[in-house]
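Visitor: Below you'll find the structure I mean.
The values are calculated or read from the model by the stated rules, or taken from the named source; none is laboratory data. Note that this is a predicted model, so its numbers are computed, not measured. Please note: Cβ atoms are built from the backbone with ideal geometry, for glycine as well, and neighbour counts cover all protein chains shown. Heads up: the accessible areas ignore ligands, DNA and RNA and are worked out on the full protein's heavy atoms, side chains in. Shrake-Rupley method; radii C 1.70, N 1.55, O 1.52, S 1.80 Å.
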Amino acid sequence: RARTGARTTRCEARRAGGRRGKPPSGTRPRAMSGRGAVINWGRIVQKRAKKGLFAGKTTHFGNRVSEDGGNKSRRTWKPNAHRKRLYSETLDEMIPLNVTTNALRWIDKAGGLDNYVLNTPPQKLLSTSGMALRERILEAKNAGRTVDVLRFDASAKSESESESR
């Protein structure tokens, strides 16, 4: 039956092989234009956790139970996050980050912010700011290595010249 307009019924959508207003199930999700690259974390991650180092901590849900009647009402437990300035040895600067207390413990155990960010796999880091910090640290380390190599070569040349004289 011919219909005017862009809307389709459920029956027409089923015949077409998909649900109303949604792409068929066999298609892959694409990045929206102008939004940048889509990062697949493998699970749902809070927006605020992507902007800091939360060490996998997310909002938990449960019940608030009254003492007298045992009545239940829903409640949430949010991560214990704080705005902190952490020192990066490689970058030689204080970096402001939103960090949970659990992430601070992991940073101490790893031996500093740089070691934590570099040695934690992206699937566990679950943070765009953490990944950006990792890139900055790697760039600084690679820049430092090339300078060290040039200094080493220069010192080796000066030693060889002094020996030949």
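Visitor: Could you please give the count of residues in region 61-101 that are more than 21 Å from Leu138 (Cα to Cα) and among the acidic types (Asp, Glu)?
Guide: Final tally of qualifying residues: 2.
Visitor: Need a quick list: helices (runs of 4 or more DSSP H) entirely within region 67-161 having at least 1 residues that are at pLDDT 95 or above.
Guide: Because the criterion is at least 1 residues that are at pLDDT 95 or above, the helices (runs of 4 or more DSSP H) in region 67-161 that meet it are 101-110, 113-119.
Visitor: State which residue pairs qualify: first residue closer than 15 Å to Arg48 by Cβ and inside region 92-109, second residue open to solvent by 100 Å² or more (accessible area, probe 1.4 Å) and of a type outside the set (A, V, I, L, M, F, W, C) in any location, beta carbons under 7 Å apart, and separation of 6 or more residues or different chains.
Guide: Pro96/Arg83; Pro96/Arg85; Asn98/Lys51; Asn98/Arg83
Visitor: From Pro79, Pro121, grab the single residue that is open to solvent by 50 Å² or more (accessible area, probe 1.4 Å) and of a type outside the set (Lys, Arg).
Guide: Within the list Pro79, Pro121, the selection yields Pro121.
Visitor: Take the residues of region 82-101 that are within 16 Å of the chain's Cα centre (by Cα), surrounded by 13 or more Cβ atoms within 10 Å (Cβ to Cβ) and not β-branched (Val, Ile, Thr): which is farthest from Leu118 (Cα to Cα)?
Guide: So the residue we want is Asn98.
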